[in-house]
1. Suppose the chain between H162 and N218 were pulled fully straight at 0.36 nm per residue; how much longer would it get relative to their current alpha carbon spacing?
2. Round to the nearest 0.05 the FRET efficiency obtained for Q203 and E375 when R0 = 41 Å and r is the Cβ-Cβ distance.
3. For region 263-341, which semi-axes, largest first and in whole Å, follow from the square roots of 5 times the eigenvalues of its Cα gyration tensor?
4. Ratio of alpha-carbon Rg to the 2.2 N^0.38 Å globular estimate for region 116-197, to two decimals, please.
5. Would you mind checking region 408-437 for residues with the amide N under 18 Å from a putative spin-label position 7 Å along Cα→C-beta of E294?
6. Give, in nm to one decimal, the length gained when the segment between T178 and E442 is fully stretched (0.36 nm per residue of separation minus the Cα-Cα distance).
7. Using a Förster distance of 25 angstrom, determine the FRET efficiency expected from the C-beta separation of E434 and K403, and round it to 0.05.
8. I need two numbers for region 208-298: Rg to one decimal and Dmax as a whole number, Cα atoms only, in Å.
Amino acid sequence: MTRSEFLRLAVASPLLPAVSPAQTRRPNIVLILADDLGYGDLGCYGQKQIQTPNLDRMAAEGMRFTQAYAGSTVCAPSRCCLMTGLHTGHARTRGNKYPDLPLRPTDITVAEVLKRAGYRTALIGKWSLGQLGSSGYPTRKGFDEWFGYFSQLHAHNYYPEHLLENETAYICRGNMGTQKKDYAPDLFTRRAVEFIERQPAGQPFFLHLCYTAPHANNELGRDTGNGMEVPSDEPYTNRPWPQPEKNFAAMITRMDADIGKVMEAIRQRGFDDNTLVIFASDNGPHKEGGHSAEFFQSSGPFRGIKRDLTEGGIRVPMLARWPGRIKPGSVSSFPWAFWDFLPTAAELAGAETPRGIDGQSIVPVLLGGSQKPHEYFYWEFHEAGFHQAVRMGNWKGIRLGPKEPVELYDLESDPGERNNVAARHPDVVRRITEIMASARTESYEWPILTPEEAKKRAI
């Protein structure tokens, strides 16, 4: 362990004492996460073919962000950033190479912060940050209730025979043998609604609902050519599209309908005016299971997809709704990233933010105000060697290997990152190179490797 990493862990633990709650009512917080949904996959972000009426309504009733960033370009590290407030230069998980690498006891999650502040907490769906018995298991990281997949790889299957309910196996009896009756997203939606219905008035709660749509069932895709697993391809049955694309669109529309049920449960319980609902995707769109990200222009105006550090891989749809507090139909271009969620939730809960994190609260922006942006955003990715990206103001630097030159893009004039202007701005490249060196700690699991070294290690 390096000195800098030791110091980071030392200041991050234990959690600072909670402050007294504000006199105003603390909001319920519902965080809904899609899996591999692109910036351009929702109607409110310009999608013309796929129907998403409930999420479009959420945008019309709340705030739509145009410069929101995932924690990473793949699932596990992105979720780690979201839960711990650390970017991938400091986070425990920095790639998908080690599925379900557990969070450490010293890694403080959003759920731990909110639970300590008096919130009832629940996680439903996909976790990826620690299996049963590990230090990263949900019920050891602040969640009172947990219902979902055994592991990240297990989450590829939309018709599992078993799920986990806290520390006990939940039998999906409709999926025994060759049966496919219990569609996992349906089970997750039902549990989310039941959780909301059980909450007493005056008891703040945090619900983290993690859908797997529209992630592909990669194992099924390799066997059949169509890994977009969904009970029905309606309402797209008669469209002249390849079958995987019908299914992909149907998965998104079905998830949208499920989110509508969750929103209705919030309204029916009378929680609407005191509940902040945030929706986002964990990374950019995929090209898996027979689906092509280009078919629906899932990356929107951006270049790249999942596993890329260009904007298409990390810029994601992000919506926030809080009636009476967030202005309906508002659009924000304020740049923020997943590691900002923890301090945002902490401020809303009247709780103290853990020391040593990378995020900052965006409560002022949510409430229609302004605030100072981050000096920079940092990402690193390890699956094809050591890749880095830095956003500093409107400048975006990308380096595709420790020995490769930094590419530089002006996101204001070139959001699609088509024109590398590094040669014209050596001073900017120099500063971004400095950030790439200083914004990270060394990690045993995530060493700096060239693409050739990474390929040899994978063999």
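1. Numbers: separation 56, 0.36 × 56 = 20.16 nm, distance 1.85 nm.
Fully extending the segment from H162 to N218 adds 18.3 nm.
2. Values: r = 38 Å, r/R0 = 0.94.
FRET efficiency, Q203 to E375: 0.60.
3. Details: eigenvalues 179, 48, 24 Å².
So the equivalent ellipsoid measures 30, 15, 11 Å along its semi-axes.
4. The reported ratio for this selection is 1.10.
5. 416-418
6. My answer for the length gained is 90.4 nm.
7. Details: r = 17 Å, r/R0 = 0.68.
With a Förster radius of 25 Å, E is 0.90.
8. Calculated on Cα positions, Rg and Dmax stand at 15.3, 47 Å.
Here, each number is a calculation from the coordinates, and none is a lab measurement. Every value quoted in this text rests on a predicted model; they were computed, and no experiment measured them. Heads up, the Cβs are rebuilt from the backbone with ideal geometry, glycines too, and the neighbour counts pull from every protein chain shown.
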